[in-house]
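What follows is calculated from the coordinates using simple rules that are stated; it is not laboratory data. Source: prediction; values computed, not measured. With ideal geometry, Cβ positions are generated from the backbone for all residues, glycine too; neighbour counts draw on all protein chains shown.
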Amino acid sequence: MTSHRIGTREEWQAAREDLLEREKEHTRMGDELARQRRELPWVRVEREYSFETDEGTKTLAELFDGRSQLLVYHFMFGPAYAAGCPSCSSIADGFDGSVVHLEQRGVTMVCVSRAPLEKLQAYKRRMGWTFPWVSSSDDFNLDYQASWNDEQLREGGRYNYRTWTLTPELETAGPVVETAASCGTVPAQYLKEAQAVSAFALTDGDVYHTYSAYSRGVDSLWGVYQWLDRAPGGRGEDPGWTRHDEYENVPSGATS
């Protein structure tokens, strides 16, 4: 017997109509936030960055691939990793279908990681992905607060526009230890990387940084979250994410 509240169809209809009003408010607020994102001031990118790609070494401007807009997903795959982060892998499972549509609207999308290109290519083949994925110099991810060096971990780096430091409690937390092991590394190396998204514009030969988001700010890119938020059981994030080729027994997900 379910413990969830049971109602009549009439009670459901009334509650659903009330919820619809709040959903419409949420949609309108989302539209306004999107407008405000576009109105952020642009910052000219002065530093020269290089990326190893399937077509050879490229600059940041060359990653645009002839288009005027660039979206970068900072994929957690550090130099010491043997495999990509399972959460990032879950997000990336939805990228291939978006690339062609973004390109038709003048937007290039790439994933960027600090691991060597050969590791990224091998993992990409394993996952069956086709989206562009490039290896960056350390400076790019560090500058856009998606990676940290040893000094920043000890003394404090920036993430999600706040100072972040590695604490003993975090480094020994069960989920961190388990996820680091699943990536073939140790917590101190795993925690040098973070998920993020950054946006850039190219005009008159100059590249501008227009937007970045971190942590929960990346949720809206996670296609499966949008489905789960509408499922009766919600996100059900325990025990966490698994790469799509590592699932053994898919749970029923029955709700009580």
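Applying the criteria of a DSSP loop state and at most 15 other Cβ atoms within 10 Å to the chymotrypsin sites (Phe, Trp or Tyr not before Pro) of the stretch 161-231 yields 161.
Please identify the DSSP H helices in the chain that span no less than 27 Å along the helix axis (Cα) and have a mean Kyte-Doolittle hydropathy of 0.5 or more. Flagged H segments: there are none.
When the chain is treated as a GNM with alpha-carbon contacts under 10 Å, the residue of 193, 21, 246 showing the greatest mean-square fluctuation is 21.
Across 175, 86, 232, mean-square fluctuation computed from a Gaussian network of the chain (C-alpha pairs under 10 Å connected) peaks at 232. Counting other Cβ atoms within 10 Å as a rough exposure proxy, the listed residues 58, 24 run 24, 58 from fewest neighbours to most.
Identify which of the listed values of Kirkwood radius over Cα pairs in Å was calculated from the structure shown: [x] 17.9; [y] 18.7; [z] 20.3. Here Kirkwood radius over Cα pairs in Å agrees with entry [z].
Viscosity 1.306 mPa s, temperature 10 °C: Stokes-Einstein D of the stretch 38-131 from its Kirkwood Cα radius, in µm² per second? Provide the component values of the computation, followed by the final result.
Details: Rh = 14.5 Å.
In µm²/s, the coefficient is 110.
Taking the chain as a whole, the Cys residues whose C-beta sits 4.7 Å or farther from every other Cys C-beta are 111, 183. Where only DSSP H runs of four or more residues are counted, the chain gives -10500 deg cm²/dmol as its mean residue ellipticity at 222 nm, each run worth -39500 (n - 2.57). Comparing 93, 229, 139 in a Gaussian network model of the chain (Cα springs below 10 Å), the most mobile by mean-square fluctuation is 229.
Of the beta bridges DSSP finds with both residues in the stretch 1-133, what % are antiparallel, to the nearest 5? Show your work: numbers first, answer last.
Values: 4 of 11 bridges.
Counting DSSP beta bridges with both partners in the stretch 1-133, the antiparallel share is about 35 percent.
Which shape class, rounded, prolate or oblate, goes with the stretch 114-191 when its Cα gyration tensor gives a ≥ b ≥ c as root eigenvalues, a/c under 1.5 marks rounded, and past that a/b bigger than b/c marks prolate? Mind dumping the intermediate values first?
Working: a/c = 2.51, a/b = 1.39, b/c = 1.81.
Here the stretch 114-191 falls in the oblate category.
Here residue 124 is the anchor, and the lysines within straight C-alpha reach of less than 23 Å, apart from those fewer than 8 places off in the same chain, are 58, 192.
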